[in-house]
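> My questions will all concern the structure given below.
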Amino acid sequence: MANPFAGEVTLVLDGQPQRLKLTLGALAELEATLQEDSLIAVVERFEAGRFSSRDVLALLLAGLRGGGWQGDAATLAAADIAGGPMQAAQIAARLLLLAFTPPNAAERRDG
């Protein structure tokens, strides 16, 4: 379903696979939600391990919206995420990585 070469990942939400992608609009929403003034600050926050479960949910929500999902934060917070919190955090990290990795570099990592 998801195309990693296009920066996409899949999250199974309430038993349904959903495509996540960090579009420019989704990234702008993420900056605002996390109250960061740049994309670099968002990435550094996650790289440094200074993120909370709310941050993971915000990143997943931005990715879901970028992938076309019509839900909201409350719906996501109440949803059953396959694999639980650890899987959610791993998918969020992968989403962020793919958003800032050139396609050829992603191919080398996955291969």
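The values are calculated or read from the model by the stated rules, or taken from the named source; none is laboratory data. This is a predicted model, so every value here is computed, not measured. All Cβ positions, glycine included, derive from the backbone under ideal geometry; neighbour counts span all protein chains shown. These area figures cover heavy atoms from the full protein model, side chains too; ligands, DNA and RNA do not enter into them. Shrake-Rupley method; radii C 1.70, N 1.55, O 1.52, S 1.80 Å.
> Out of LEU30, ALA2, GLN18, whose Cα points farthest toward the positive end of the dipole of the chain (charges: +1 Lys, Arg; -1 Asp, Glu; placed on Cβ)?
Result: ALA2, furthest along the dipole toward the positive end.
> While we're looking at this one, here's another question. Do you know the relative contact order of the chain, to the nearest whole percent, from alpha carbon pairs under 8 angstrom that are 6+ apart? Walk me through the numbers before you get to the answer.
Values: 133 pairs, mean separation 41.5, N = 111.
Averaging sequence separation for qualifying contacts and normalising by length gives 37 percent for the chain.
> Pick from ALA82, ALA26, ALA62: which is most flexible by mean-square fluctuation in a GNM of the chain where alpha carbon atoms under 10 Å apart are linked?
Maximum among the listed residues: ALA82.
> In a Gaussian network model over the chain where Cα atoms closer than 10 Å are linked, find which of ALA92, ALA78, ALA41 has the largest mean-square fluctuation.
Evaluated over the chain, the most mobile residue of the options is ALA78.
> Let me ask something additional. Of all accessible surface on the chain at a 1.4 Å probe, what whole percent is carbon and sulfur?
Numbers: 3310 of 6240 Å².
Answer for the chain: carbon and sulfur cover 53 percent of the accessible area.
> Between (i) 29, 13, 12; (ii) 22, 17, 13; (iii) 19, 18, 13, which entry matches semi-axes √(5λ) of the Cα gyration tensor in Å as derived from the coordinates of this structure?
It is the value labelled (iii).
> Quick one: putting +1 on the C-beta of Lys and Arg, -1 on the C-beta of Asp and Glu, what dipole do you get for the chain around its Cα centre, in Debye to the nearest 20? Let's see the in-between values first.
Values: 9 positive and 13 negative charges, 44 e Å.
Computed about the Cα centre, the dipole is about 220 debye.
> Shifting gears a bit: How much accessible area per residue does the chain have, in Å², with a 1.4 Å probe? Walk me through the numbers on the way to the answer.
On the way: 6240 Å² over 111 residues.
Value returned for the chain: 56 Å² of accessible area per residue.
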